[in-house]
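Here is the structure we will look at.
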Amino acid sequence: MAAVKNLVVGAGLSGSVVARKIVEELDESVVVIDSRNHIGGNSYDYRDDVTGIVVHKYGPHIFHTNNKEVWDFISRFTKWRPYQHKVHGFVDGQFVPIPFNLNSLRMVFPRVLADKIENKLLDKIGFNKKVSILELRKVNDKDLEFLAQYIYEKIFLEYTIKQLGLSPNEIDSSVFGRVPIYISRDDRYFQDKYQGIPLNTYTEMFRKMLEHPDIKVELKTPFDKAMKYERLFWTGSVDEFFDYTFGVLPYRSVVFDFLTFNQEKFQAVASVNNYPTNYDFTRMTEYKHFLADWSDKTIVSCEYPIDFSIGKNDRIYPIANNDNIALCEKYIDLAKRLPNVYFFGRLGDYKYYDMDEAAERAFEVFKKIKEGR
Ligand code: UDP
């Protein structure tokens, strides 16, 4: 194989964004390889043959951002169905809004207690403010400590143990910052300015992003050390590139059990988290909510997290605890010594990026190259 100008490993969001930027702004050619048989990475979705419902193969993906540059860029490759994600948690026999907010509070507590706690939240934290569960646990007030402990036990503890295989104390606090307690009556999961689901699937959006005379996509093509390149963009796991020299970076994977039910609707909102401990799955997602696909049947996935194991399943979540972050830093030190090789993305950086954050990071990598030329 002759040396390619730019070799991108991974046709997910990070790789596809960088590929597009290179061909458009540097006017150079790009080869994108992916070991899977599809583009889109973990955002890949497809239309189910029987029901016509679009299903996200690697679990629910909702595009949300406050970054206009990201939104405008992605919007060149898709139209959007305006969609505001809502999530319920099954708490003490009721489906309550997640993130836990003032509406959830009124649903789970008797009025007198809810009034008292609400007033304290408004007073000590403030209306329309977000507070992480770890911060709330530190507020020096008996009632708010009670609330924090309640939310911790009912919403975070079991879910996190199931999802990441570790108790919340062992995890980097940024993980919980993703789902703060919201002193508001806004029941949406995200408050970002721009939110939506690609009207014609994520996969079609990626196809358009990668559709360019100077981009060549090769699927079912794992990286091979014999490949020659002038620049390499690595969006796979950083440890893999270095043959696991310092050990394997742990991830959680998920087994998605897709169920088709003979009923029009299964649940009120797209995702329901936190079924009680007698189930091994973390959440159930009903896909027809995303694009309002009509069918007299419905498709739901149950997510069963398990440890990632090389060659057996897919990497879904990095596990950000101290040991793993330290291990990752050893790889990053090695990575820094390689000229013309760039590591980024959820796996390349070993960071729990959302899609918009992955795009921002890809922009950043691209900018460095553009400026350094
Ligand atoms: N989390 C939780 N209970 C919930 C929702 C989230 O404990 O009902 C915690 C859990 O530790 C999880 C993290 O918050 O790992 C981030 O959740 P998010 O919804 O962002 O997960 P994703 O949608 O990325 O799978």
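The values are calculated or read from the model by the stated rules, or taken from the named source; none is laboratory data. Not measured: the values here are computed from a predicted model. Methodologically, a virtual Cβ is constructed for each residue, glycine included, from the backbone with ideal geometry; neighbour enumeration extends over all protein chains shown. Just the protein is used for accessible areas: all its heavy atoms, side chains included, with ligands, DNA and RNA removed. Shrake-Rupley method; radii C 1.70, N 1.55, O 1.52, S 1.80 Å.
Distance between the modelled labels on Lys220 and Leu334, one decimal in nanometres: 3.0 nm (7 Å Cα→Cβ projection).
For the chain, with every protein chain kept in place, what is the accessible area per residue (1.4 Å probe, Å²)?
Numbers: 17130 Å² over 373 residues.
Accessible area per residue, the chain: 46 Å².
Relative to the current alpha-carbon distance between Val112 and Glu25, full extension at 0.36 nm per residue lengthens the span by 25.2 nm. For Lys21, a cut-off of 15 angstrom between C-alpha atoms picks up these aspartates and glutamates, skipping any fewer than 8 places away in its own chain: Glu69, Asp72, Glu211, Asp214, Glu360, Glu364, Glu371.
DSSP assigns beta bridges within the chain; of those with both partners inside it, close to 65 percent run antiparallel. Backbone N atoms of the stretch 325-341 closer than 13 Å to the 7 Å Cα→Cβ label point of Phe246 belong to residues 325-337.
Of all the options Leu102, Leu334, Leu121, the one that moves most in a Gaussian network model of the chain with Cα springs shorter than 10 angstrom is Leu334.
On full extension of the chain, what length is gained from Leu259 through Lys129, given 0.36 nm per residue of separation minus the C-alpha to C-alpha distance?
The span from Leu259 to Lys129 would gain 43.0 nm if fully extended.
Using alpha-carbon positions, what is the distance between the centroids of the stretch 211-276 and the stretch 289-348, in Å? For the stretch 211-276 versus the stretch 289-348, the Cα centre distance is 6 Å.
Pairs from the list Lys162/Lys351; Lys57/Lys79; Lys116/Lys154; Lys130/Lys297; Lys193/Lys297; Lys130/Lys336 with a Cα-Cα gap above 26 Å: Lys130/Lys297; Lys193/Lys297; Lys130/Lys336. Expressed as a whole percent, the accessible surface of the stretch 36-142 that belongs to carbon and sulfur atoms is 50, based on a 1.4 Å probe.
Among the trypsin sites (Lys or Arg not before Pro) found in the stretch 305-339, those both in a DSSP coil and sparsely packed, with 16 or fewer other Cβ atoms within 10 Å of their Cβ, are Lys312, Arg337. The alpha-carbon of Lys288 sits under 19 angstrom from the alpha-carbons of these aspartates and glutamates, leaving out residues fewer than 8 places away in its chain: Asp45, Asp48, Asp49, Glu204, Asp257, Glu264, Asp296, Glu303. With a/c under 1.5 counting as rounded, go ahead and sort the stretch 19-91 into rounded, prolate or oblate using the C-alpha gyration tensor (a ≥ b ≥ c being the square roots of the eigenvalues; past the cut-off, prolate if a/b is larger than b/c, else oblate). Cα axes put the stretch 19-91 in the oblate bin. Among Ile310, Ile62, Ile181, the largest mean-square fluctuation in a Gaussian network model of the chain, built with springs joining Cα atoms closer than 10 Å, belongs to Ile310.
Need one word for the stretch 193-298: rounded, prolate or oblate. Basis is the Cα gyration tensor (sqrt eigenvalues a ≥ b ≥ c); a/c below 1.5 gives rounded, then a/b vs b/c decides. Note, shape of the stretch 193-298 comes out oblate. Net length available on complete extension from Lys120 to Lys193 is 23.4 nm, with 0.36 nm assigned per residue and the Cα-Cα distance removed. Please say if the stretch 93-156 is rounded, prolate or oblate, where rounded means a/c under 1.5 for a ≥ b ≥ c the square roots of the C-alpha gyration tensor eigenvalues, and otherwise the choice is prolate for a/b larger than b/c and oblate otherwise? Judged from the Cα gyration tensor, the stretch 93-156 comes out rounded (a/c under 1.5).
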